[in-house]
Amino acid sequence: MRRTVLTTVTFVAGSLLLAVPAQAGVPVDAVRTRVAASAIRTVPCQPGGVSAADKSIATALRPVMNGRRLGSAVTGYNISCARAIVDAVRARGLDQRAAMIAVTTAIAESTLHNYVVAVDHDSLGLFQQRPSMGWGRPEQVVDPGYATGKFLDAMIRKFPGDGWRTAEVGPVCQRVQGSAFPAAYQPEAHDAQLVVNRLWAQEANPVATPSVPNAAPTTPAKATGPFQRSLLVTGTGQGPADARHDVSTADWNGDRRPDLVVVQRSGTRSGRTELYILDGMTNFKRLLLHTGTALAPTDDRHAFALADWNGDSRLDLVVTQRSGTASGRTELRVVDGASGFQRYLLETHTVLGLTDHRYAFSVADWNADGRLDLVAVQKSGTQSRRTEVRVVDGASGFQRYLVETGTKLGPTDHRFAYSVADWNADGRLDLVAVQKSGTASRQTEVRVLDGASKFRRYLLQARTALGPTDDRYDVSTANWNGDQRPDLVVVQKSGTASGQAEARILAG
């Protein structure tokens, strides 16, 4: 963590605004000399950039904001960054005070700018977090969702018993950040409260769903159609889980009923990546398998799937490692299910370069050649400025593309989960996009994009019976009731009434 609050230069209304931390004790002339008269490079905080709503809020708040760091210089870009922080807080299931503390910190640290060039040591992003101090990789700490999550993790850890809820805002910020200028935070709490009050009162702007400006919240009418009816609502045999646990479904024992698959990346008794499989026939109450695997501890750079790689009718564990690989490329490992996941069937690099949190992975037989292919969905940062799909050919050892295409979806973000399934039974895999929050309907929504059209048209756009969900929820698709239509499996890993992970299946 940086030891000082970053002093920034921001252009406002054609003039140069020099933002100075409260009581920082740094002479203005010295700051001008050190930072010079050019703005530090930033990146957008929202996939779609600054919205009209962001600009409107900035205009409305400008006369009443009086902090020393931001104050009346607030812009739509600043509001878009605050919105990203608020969205991340909501996704954690935390309250408005947590959002106010986080936004206060970001105002003091970066004046709500997502900086990608380090000025003070290697500090980056909204919270000026330092990769060298363990806050994450450079590309992670400039992701507002990731950065806010790390800030909240530290706040909760350093204030056991939820002490942050009652402590004064400035000292909470200081305890997390460890700044050499602890008095810099409290003066920004007033402005942060104004911003959060406005953002908290409305749902965040949807990424790909049009919304009606200033629409009053409404209770969704009862609806018929896909994902409106629950096939199962149950507690499971899995205790509370967290970000270390990856949850999906697969038919492990061949009884034509999807089972619940839980991969625990780290923090296991065995010191290895561990696998739990819970029996679908018992509504996920009975444990079919719990084992350590050939994999050492893994982390959020790894994506997992269960699929039959070698045609022995036993499901294998397919592991995609996005970055941190010896080859400098995205790598893939397949761990043999028939060996109890104790030996590798495959270890290889792929045609994909290094990937990151913007990529979602799944495996499926795209071209019906009997070999599993790797499906990579890039949510943002694409040349087409749309969500893009690449399918990497398993028969080539993952060295060539079968498909590279933009989709009908604009840029998406951490609120979207992806899978592939043959939705319309045409023999072509379709892309299922689940938007957990930030929707116009204020419900979790599903879009299915037609594989036969290279994902250029929708087969389905539907809200579900679920309200907004967050990163405590893992979603996947499976044919639960044997009607040959993919159903939506939603697992809430923590924060449940039962104290266990809970599953809900919505009929497709």
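The values are calculated or read from the model by the stated rules, or taken from the named source; none is laboratory data. Everything numeric in this text was worked out from a predicted model, so none of it was measured. Using ideal geometry, Cβ is built from the backbone for each residue, glycine included, and neighbour counts are taken over all protein chains shown. For accessibility, only protein heavy atoms count, side chains too; no ligands or nucleic acids. Shrake-Rupley method; radii C 1.70, N 1.55, O 1.52, S 1.80 Å.
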Which cysteines does the chain leave without a neighbouring Cys Cβ under 4.7 Å? Cys173
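Counting other Cβ atoms within 10 Å of each Cβ, which trypsin sites (Lys or Arg not before Pro) in region 336-402 have at most 12 and sit in a DSSP loop? Intermediate values should be presented prior to the final figure.
Numbers: sites: Arg343, Arg358, Arg371, Lys379, Arg385, Arg386, Arg390, Arg400; in loops: Arg343, Arg358, Arg371, Lys379, Arg385, Arg386, Arg400.
Here the sparse-neighbourhood loop sites are Arg343, Arg400.
Assign one of three labels to region 67-182, namely rounded, prolate or oblate, based on the Cα gyration tensor with a ≥ b ≥ c the square roots of its eigenvalues; rounded applies when a/c is under 1.5, prolate when it is not and a/b is larger than b/c, and oblate otherwise. Working shown, then result.
On the way: a/c = 1.33, a/b = 1.15, b/c = 1.15.
Taking the square roots of the gyration eigenvalues as a ≥ b ≥ c, region 67-182 is rounded.
About the Cα centre of region 336-486, what is the dipole size in debye to 20, counting +1 per Lys and Arg Cβ and -1 per Asp and Glu Cβ, all else neutral? Mind showing how you got there, number by number?
Working: 20 positive and 19 negative charges, 132 e Å.
Around 640 debye, computed over region 336-486.
By how many nm would the segment from Gln399 to Ser313 lengthen if fully extended, with 0.36 nm per residue of separation less the alpha-carbon distance? Could the numbers behind the result be given before it?
Numbers: separation 86, 0.36 × 86 = 30.96 nm, distance 2.53 nm.
The Gln399-Ser313 span can extend by a further 28.4 nm.
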Less than 24 Å apart at the alpha-carbon level, and either on another chain or at least 8 residues along: which lysines does that give for Lys436? Lys150, Lys222, Lys379, Lys408, Lys454, Lys493
Hey, can you grab everything whose amide H is under 5 Å from the amide H of Phe455? Only 5+ residues off in sequence or another chain; H modelled, so Pro and N-termini drop out. Asp450
How large is the helix-only mean residue ellipticity at 222 nm for the chain, computed as the sum of -39500 (n - 2.57) over DSSP H runs with n ≥ 4, divided by its residue count, in deg cm²/dmol to the nearest 500? -5500 deg cm²/dmol
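Return one whole number: the accessible area per residue of region 322-469 in Å², for a 1.4 Å probe.
On the way: 5680 Å² over 148 residues.
That works out to 38 Å² for each residue.
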Rg and Dmax in Å for the chain, alpha carbons only: what are they? 23.6, 74
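Net charge near Asp365, counting Lys/Arg +1 and Asp/Glu -1 over other residues with Cβ under 13 Å of its Cβ? Please report the intermediate quantities before stating the final value.
On the way: positive: Arg371, Arg428; negative: Asp308, Asp369, Asp373, Asp393, Asp422.
Around Asp365, the surrounding residues sum to -3.
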In whole percent, the fraction of accessible protein surface over the chain that belongs to carbon or sulfur atoms, probe radius 1.4 Å, stands at 50 percent
With label points set 7 Å from each Cα along the Cα-to-Cβ direction at Asn367 and Ala452, the distance between them in nm comes to 2.1 nm
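When the dipole is taken about the Cα centre of the chain, and only Lys, Arg (+1) and Asp, Glu (-1) are charged at their Cβ, what size is it in debye, to the nearest 20?
Working: 58 positive and 49 negative charges, 242 e Å.
My answer is approximately 1160 debye.
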Name the shape class, rounded, prolate or oblate, that the alpha-carbon gyration tensor gives for region 138-192, where a ≥ b ≥ c are the square roots of its eigenvalues, rounded holds for a/c under 1.5, and otherwise prolate holds if a/b is larger than b/c and oblate otherwise. oblate
Rounded to the nearest 0.05, what FRET efficiency do Leu289 and Asp483 have when you use their Cβ-Cβ distance and R0 = 30 Å? 0.65
Simple spin-label model, 7 Å along Cα-to-Cβ: Ser498 to Thr282 in nm? 1.3 nm
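Multiplying the sequence separation of Asp95 and Ser270 by 0.36 nm and subtracting their Cα-Cα distance, what value in nm do you get?
This chain segment gains 59.4 nm when fully extended.
Below 12 angstrom from the Cβ of Thr496, what's the summed charge of the other residues (Lys, Arg +1; Asp, Glu -1)? Mind dumping the intermediate values first?
Details: positive: Arg472, Lys493, Arg504; negative: Glu502.
In short, +2.
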At R0 = 56 Å, FRET efficiency that the Cβ-Cβ distance of Ala425 and Lys55 yields, to 0.05: 0.80
State the Cα centre-to-centre distance between region 317-331 and region 55-132 in whole Å. 33 Å
Hydrophobic long helices for the chain, i.e. whole DSSP H runs reaching 15 angstrom or more by Cα along the axis with Kyte-Doolittle mean at least 1.0, come out as none
Label Lys158 and Arg385 with points 7 Å out from Cα along Cα→Cβ: what is the distance between them in nm? 4.0 nm
